[in-house]
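Please treat every number below as a calculation from the coordinates, not as lab data. Everything quoted here is computed from the prediction, not taken from an experiment. As a convention, Cβ positions derive from the backbone with ideal geometry for all residues, glycine included, and neighbour counts pool all protein chains shown.
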Amino acid sequence: MAGEPGLAELGAQAAARRTTYGQDALIVCDRLVRIYTADGIEVQALQGLDLLVDDGELTAIVGASGSGKSTLVNILAGLDKPTAGSARVAGCDLAALGDRQRLAYRRSTVGFIWQETSRNLLPYLTARQNVMMPMLLARRGRRDRRRSAAELLDALSVGHCADRKPGEMSGGEQQRAAIATALANRPRLLLADEPTGELDSATAADVFGALQAANAELGVTVLLVTHDPGVSGQVRRVISIRDGRTSTETLRHDAADEHGNVAQHAVEYAVLDRAGRLQLPRELTEPLGMRGRVRLEAEPDHIGVWPDGPAGDGAASDGDGGQLA
Ligand SMILES: Nc1ncnc2c1ncn2[C@@H]1O[C@H](COP(=O)(O)OP(=O)(O)OP(=O)(O)O)[C@@H](O)[C@H]1O
Ligand SMILES: [Mg+2]
């Protein structure tokens, strides 16, 4: 048919996509590796993690304790460097930044919110002074600083706390003032590592609402780590990390039923990495006795995965959590 791309053209398009991996994305992690060495023992916190996040997205990262979530966020925040692979945010190659560029990156391109409320704000400064501090470091004029700080505190519904020090504010108010401070220099990316971890569920919902508002109204891309199902259940894209790699993604979208009632619909996807690796969830592989070696069968519209021989038989070696390489 006229206009249909031929095989050669499809191949060329696929090749072009490969060479421009993540070209338009705000966050591009390409086979990111972080190995910590403590007391002579190596811990592979990130084991070749691939991740693309577009400008303007609000994404949640979930995963078991120790799976590498904070390690990833610390690298994206410019607080830590990868051992291998690359991480790029808004065109900055985070492994290659010099000290001065790293400082500028942390001051202007990203904002960061810690779980511990007390870590986000300077205790001897008021909320207004906290928000103005990063602006001062970016050498912005006093009038601009005062006006912007007032606007940000109002936007995050903590205008009434402008003249209070953190000790005179509730946990939720402190986190909202912390978001205002992180947004002070209008960063492209806001990172939050369990920002609601210390809060009760009502306050957590409030703080999450503030992050949603920052994303929707100020257009900042938000990446947050959370253990809170009440939070991740409301995020359109939830990325799950397992053993230092992205393993599954849940995407939510609105779907109308036959009566026109709109409800949220969630679909879980496995992530196929750039090397063609796929992590099969243990819940699926274990009942079928899939270990070590599986058989693949190409079907016209899907790929079948079969255990190698009768259940439990034929395992060439111990698998590593359902990983297909
Ligand atoms: N500074 C460090 N030195 C040595 N090992 C570390 C260091 N930081 C983290 N690790 C190890 O790296 C792995 C990943 O840690 P990370 O803090 O990224 O996990 P996490 O997913 O954030 O967990 P949690 O949900 O408990 O916060 C863990 O095994 C951890 O023990
Ligand atoms: Mg963590």
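For segment 93-193, compute the orientation-averaged projected area of the C-alpha convex hull (one quarter of its surface), in nm².
Working: hull surface 25.7 nm².
Across all orientations, segment 93-193 yields a mean hull projection of 6.4 nm².
Each listed q (0.09 Å⁻¹) maps to a log10 I(q)/I(0) for the chain from the Debye sum over equal C-alpha point scatterers, namely -0.57. Counted over segment 144-280, the DSSP beta bridges are approximately 75% antiparallel. For the chain, find the longest principal axis of its Cα atoms and tell me its angle to the long axis of helix 171-182, 0 to 90°, nearest 10. For 171-182 against the chain, the angle is about 90 degrees.
With the convex hull built on the Cα atoms of segment 30-138, state its orientation-averaged projected area in nm². Write out the running numbers ahead of the final one.
Working: hull surface 35.0 nm².
For the Cα atoms of segment 30-138, the hull's average projected area reads 8.8 nm².
Test of understanding: ordering 70, 65, 157 by Cβ neighbours within 10 Å, fewest first, what list do you get?
Values: 70 20, 65 7, 157 16.
Exposure proxy ranking, most exposed first: 65, 157, 70.
Taking neighbour counts of Cβ atoms within 10 Å as a proxy for exposure, in what order, fewest first, do 301, 254 appear?
Numbers: 301 5, 254 9.
With the sparsest Cβ surroundings first, the list reads 301, 254.
Which order do peptides 121-128, 138-145 fall in by mean Cβ count within 10 Å, highest first? Show your work: numbers first, answer last.
Working: 121-128: 17.8, 138-145: 11.8.
Packing proxy ranking, top to bottom: 121-128, 138-145.
Here the spin labels are modelled as points 7 Å beyond Cα on the Cα-Cβ line, and at residue 97 and residue 154 they lie 3.2 nm apart.
Order these by the 10 Å Cβ neighbour count, fewest first: 169, 132. Please list the in-between numbers first.
On the way: 169 20, 132 23.
Least to most surrounded, the residues fall as 169, 132.
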